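Participant: There's a structure below that I have some questions on.
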Amino acid sequence: MPLLLKLADILTQIGVLLFSVILHEVAHGAAAARCGDGTAREAGRLTFNPIPHIDPMGTVILPALLAVTHSPVLFGWAKPVPINPWRFRKPRRDLAIVGAAGPLSNLAVAGLSAALFRLLLPWAGLGHPLTRLLLFAVVINTVLALFNLIPIPPLDGSRLVVGLLPPRFATAFLKLERFGLAMIVLLLFFGLNERILRPAVRTVLGWLLG
């Protein structure tokens, strides 16, 4: 691949990733506001201005490392929007709604991008910048959505679990959050990516891209 084309792909993926992780967090904040918690809005986080959302590791360092090491897809995260479940009208239900909002926003972008990609591909080809942007949007948003649906605190899937569990079990489950990062790292080490996440991503991409 020519150097300029490779650089253009990297910059395009970084741009798509930045938009996607910010959309993910804005969706959480907007859902929380609809459920009665305006904490994110009050903190100035319901904005697509990237500055308030930047997390040094997840938004800058990790994507840069993945780009430099020629990862097939970039991954990262934005600074989580603040929420206060005590302000929710129905805390357990609304926590699940807020948790689902982020991955659903990414799946919506993936679905729309896939539809546009399939329309554009026959006449523009895969080499067209817009075609490639749409393909990157499908892949990156699918990965973000499925990874965040893993039911381990603090990932969004854990909020869905809390909404389904009886209160005493939900409280105990949330206490796992202090070990969440270590659990995710261990699961990745023991094959979460290869055995579950990557096959799930391939399946969803197959549905979206045909």
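Participant: Just to check your reading of the model, which residue among A43, A124, A96, A110 is more than 26 Å from G29 (Cβ to Cβ), of a type in the set (G, A, S) and either without any contact (Cβ under 8 Å) to a residue 40 or more places away in the chain or touching a Leu at 6+ places or on another chain (Cβ under 9 Å) (or both)?
Facilitator: One residue alone meets the criteria, A124.
Participant: So is A108 buried (at least 20 other Cβ atoms within 10 Å of the Cβ), modelled with pLDDT of 95 or more and outside any loop (DSSP other than H, G, I, E, B) or not?
Facilitator: no
Participant: Residues in region 72-83: is at least one outside any helix (DSSP H, G or I), more than 13 Å from the chain's Cα centre (by Cα) and of a type in the set (D, E, K, R)?
Facilitator: Within region 72-83, not a single residue is outside any helix (DSSP H, G or I), more than 13 Å from the chain's Cα centre (by Cα) and of a type in the set (D, E, K, R).
Participant: Which of the following residues is surrounded by 21 or more Cβ atoms within 10 Å (Cβ to Cβ), touching a Leu at 6+ places or on another chain (Cβ under 6 Å) and under 24 Å from V98 (Cα atoms): V139, V162?
Facilitator: After applying the criteria, what remains is V162.
Participant: Could you check region 99-143 and list, in sequence order, the residues that are in contact with an Asp or Glu (Cβ under 8 Å, 6 or more places away or on another chain) and within 18 Å of L160 (Cα to Cα)?
Facilitator: Result: G99, A100, G102, P103.
Participant: So if I check each of S105, S113, which one is hydroxyl-bearing (S, T, Y) and closer than 24 Å to P52 by Cα?
Facilitator: Matching residue, one of S105, S113: S105.
Participant: Next question. Examine region 147-156 for a residue that is within 19 Å of A31 (Cα to Cα) and assigned to a helix (DSSP H, G or I), and state whether such a residue exists.
Facilitator: Within region 147-156, one or more residues are within 19 Å of A31 (Cα to Cα) and assigned to a helix (DSSP H, G or I).
Participant: Which of the following residues is buried (at least 19 other Cβ atoms within 10 Å of the Cβ) and of a type in the set (F, W, Y): F190, F147?
Facilitator: F147
Participant: Okay, next question. Would you mention how many residues in region 118-135 are more than 20 Å from the chain's Cα centre (by Cα) and within 17 Å of L17 (Cβ to Cβ)?
Facilitator: Looking only at that region, the number is 1.
Participant: Further question on the same structure: Tell me which of these A100 doesn't satisfy, since it passes every other one: (1) modelled with pLDDT under 95; (2) closer than 28 Å to L174 by Cα; (3) outside any loop (DSSP other than H, G, I, E, B); (4) among the small types (G, A, S).
Facilitator: Among (1) modelled with pLDDT under 95; (2) closer than 28 Å to L174 by Cα; (3) outside any loop (DSSP other than H, G, I, E, B); (4) among the small types (G, A, S), A100 violates only (1).
Participant: Let me ask something else about it. Limited to region 1-45, what total is found for residues that are in a loop (DSSP other than H, G, I, E, B) and under 20 Å from L155 (Cα atoms)?
Facilitator: Final tally of qualifying residues: 3.
The values are calculated or read from the model by the stated rules, or taken from the named source; none is laboratory data. Remember, predicted model here, so these are calculated numbers, not experimental data. Note: ideal-geometry Cβ built from the backbone for every residue, glycine included; neighbour counts use all protein chains shown.
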